[in-house]
1. Provide a single number: the residues in the stretch 32-51 that are surrounded by 14 or more Cβ atoms within 10 Å (Cβ to Cβ) and either in a strand (DSSP E or B) or not assigned by TED's automatic domain parsing to the domain that holds TRP18 (or both).
2. Consider GLY78 carefully, then state whether it is surrounded by 13 or more Cβ atoms within 10 Å (Cβ to Cβ), under 15 Å from the mean Cα position of the chain (by Cα) and either assigned to a helix (DSSP H, G or I) or at pLDDT 90 or above (or both).
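The values are calculated or read from the model by the stated rules, or taken from the named source; none is laboratory data. Being a predicted model, the structure only gives us computed values, none of them experimental. No Cβ is skipped: glycine too gets one built from the backbone with ideal geometry, and neighbour counts run over all protein chains shown.
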Amino acid sequence: MKRWELLDHLSADAVGSWVYGDPHQTPDGATVITAARVRASGSDGSGVTASPAGALVIRGDRTEWVPAIKVDRIALLGVLTGLLSAVIASLAVLRRPPWPDLRVTVDRHYGD
């Protein structure tokens, strides 16, 4: 689909629209229809941004939605989770170290 064809699917006040591709027949007899989320971008709405949403897979009388997985977001979430847990663990260790405080023990046994 060409850029000007995508613009035909967008209305002037649309925040986002769905655009479906042409149906494709697979060798096993399934029909696959791709879908994308299209948004107008830019301050004047002159640009178009499209991101894959998924595909409809039709086999006989069953229809299945297969979402497009964004691996970058999943990886970023894993990295941020690891970083957050490392910061929390570091703050906990700095606030109260896991080793015993020898000064308190020495003062208790040999104090005045």
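1. Of the residues in the stretch 32-51, the ones surrounded by 14 or more Cβ atoms within 10 Å (Cβ to Cβ) are 32-40, 45, 48, 50.
Then keep just the ones that are either in a strand (DSSP E or B) or not assigned by TED's automatic domain parsing to the domain that holds TRP18 (or both); that gives 32-40, 48, 50.
Total meeting the criteria: 11.
2. Numbers: surrounded by 13 or more Cβ atoms within 10 Å (Cβ to Cβ): no; under 15 Å from the mean Cα position of the chain (by Cα): yes; either assigned to a helix (DSSP H, G or I) or at pLDDT 90 or above (or both): yes.
No; evaluated as a whole, the condition is false for this residue.
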